[in-house]
Amino acid sequence: MSFDTLQSKIRSMKNPTVAGLDARLEYVPAAIVQKQIEAYGETRKAAVEAIFEFNCGLMDALSDIVPAVKPQSAYYENWGWEGMEMLERTIRYARSKGFFVIADVKRGDIGSTAAAYSEAWLGKSQVGEEQIPGFDADCVTLNGYMGSDAIKPFLKDAEAEDKCVFALVRTSNPSAIELQDMVAGDRVVYKVMGELVDRWGKTTSVGEYGYNRVGAVIGATYPSDLRQLRKMLPHTFFLVPGYGAQGGTAEDVHYAFDRYGRGAVINASRSIMCAWKKTGHNGEDYAQAARDAALEMRDAIRAVTPIL
């Protein structure tokens, strides 16, 4: 099962982290950008090739220590069709390096639209007698605040293709409290969403580690809520954003794991991608800087959460 694949990678590397590939052009060292401008001019093509080169360099540096990557589609969509083509290349390259790929797309539409999104990211489309995959990620993030109609089409493809999903429950942004902390009856909204995730997950198969196909996005910036939700959702795999640049610490994310140090993957994006900006070498060492930052994150988490 798909979360089994992720958990097995985490155990083998003793590293429960995922590296975000959310590259804006200003995150890319100037020498890489200038090389592509010289080749393609000041064009979108130059921008996407610079980002792709940067992504590949990061993945080369991280593939033996980090089990998963998480490209956020917004940072590719903003470059038009060239950006989306480059995202597909990025996912293919990630797979070739052995990464588990979480496509951070946060789709949340319903009906046939949701089904089409699911075909694009998890499933296949029919062309004559052929079934052709789209972006072919291992997992996607979803916004379930429109209810089960936004989730069920993805679960169908997840079962068919042995993949999985993460649904937003308790997000790390400050304004999340405007909705997610509102009281609905005798419960707060994010706990209602947690119960829905649990209900959706019970309709799917369960893997050898005890987790179903519907994971939850739970922000690191609310550690007490993270702790409560871990107890509330024992069979739900967690994706935990907010580590590093957003303020989450190893002590905060400790609450995401079960007693064996399983059931969660912690995301860091800028703190790894932009680590080179703190070394004073103009990005010449960006790959090594990213590796060092990833190892520092791994070791900080392992110091408080043994991975068994």
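The values are calculated or read from the model by the stated rules, or taken from the named source; none is laboratory data. In this text the structure is predicted, and so the values were computed from the model without any measurement. Glycine gets a Cβ as well: all are built from the backbone with ideal geometry, and neighbour counts include every protein chain shown. Each accessible area value is taken on the protein alone, full model and side chains, heavy atoms only, with ligands, DNA and RNA left out. Shrake-Rupley method; radii C 1.70, N 1.55, O 1.52, S 1.80 Å.
What the table shows:
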read-out: The chain: calculated mean residue ellipticity at 222 nm from DSSP helix runs of at least 4, using -39500 (n - 2.57); value: -13500 deg cm²/dmol
read-out: The chain - percent of accessible surface contributed by carbon and sulfur, probe 1.4 Å; value: 51 percent
read-out: The range 146-262 - convex hull of alpha carbons, volume per residue in Å³; value: 108 Å³
read-out: The range 288-293 - phi-based ³J(HN,Hα) in whole Hz, Karplus 6.51/-1.76/1.60, Gly and Pro as x; value: 5, 4, 5, 4, 4, 5
read-out: Nitroxide proxy distance, nm - points 7 Å out along Cα→Cβ at Arg89 and Met182; value: 4.4 nm
read-out: Hydrodynamic radius by Kirkwood, which averages 1/r over all alpha carbon pairs of the range 1-119, in angstrom; value: 15.3 Å
read-out: C-alpha center-to-center spacing [the range 1-38, the range 79-103] in angstrom; value: 10 Å
read-out: Length gained when the stretch Lys277-Val192 is fully extended (0.36 nm per residue, less Cα-Cα span); value: 26.5 nm
read-out: Sites Lys152 and Gln131, calculated FRET efficiency, Cβ-Cβ separation with R0 22 Å, nearest 0.05; value: 0.60
read-out: Accessible surface, per residue, of the chain when the full set of protein chains is kept, probe 1.4 Å, Å²; value: 43 Å²
read-out: Leading residue at positive end of dipole, the chain (Cβ point charges), from Ala39, Phe100, Pro234; value: Pro234
read-out: Per-peptide average of other Cβ atoms within 10 Å, ordering 178-186, 55-63, 233-241, 27-35 highest first; value: 233-241, 55-63, 27-35, 178-186
read-out: Förster-model FRET efficiency, 25 Å R0, Ala116 and Ala39, C-beta, rounded to 0.05; value: 0.10
read-out: Inter-label distance for Trp81 and Leu295, nm, one decimal - labels placed 7 Å from Cα along Cα-to-Cβ; value: 4.4 nm
read-out: Semi-axis lengths, Å, the range 114-182, gyration tensor of Cα atoms, sqrt of 5 times eigenvalues; value: 29, 11, 9
read-out: Under 23 Å from Lys45, Cα to Cα: lysines that are on another chain or at least 8 residues apart; value: Lys35, Lys70
read-out: Where labels lie 7 Å past Cα in the beta-carbon direction, separation of Thr203 and Arg259 in nm; value: 3.3 nm
read-out: In Hz, Karplus ³J(HN,Hα) per residue of the range 33-41 (6.51, -1.76, 1.60; θ = phi - 60°; x = Gly, Pro); value: 4, 5, 4, 6, 5, 5, 7, 10, x
read-out: Using θ = phi - 60° and Karplus 6.51 cos²θ - 1.76 cosθ + 1.60, couplings along the range 149-165 (whole Hz; Gly, Pro as x); value: 4, 7, 10, 4, x, 6, 5, 4, 5, 4, 5, 5, 9, 6, 10, 7, 9
read-out: Built amide H within the under 5 Å cut-off of Ala264, gap 5+; value: Phe238
read-out: For the range 242-289 versus the range 115-181, the gap between their alpha-carbon centres in whole angstrom; value: 25 Å
read-out: Where only alpha carbons of the chain are counted, the Rg and the Dmax (Å); value: 18.9, 61
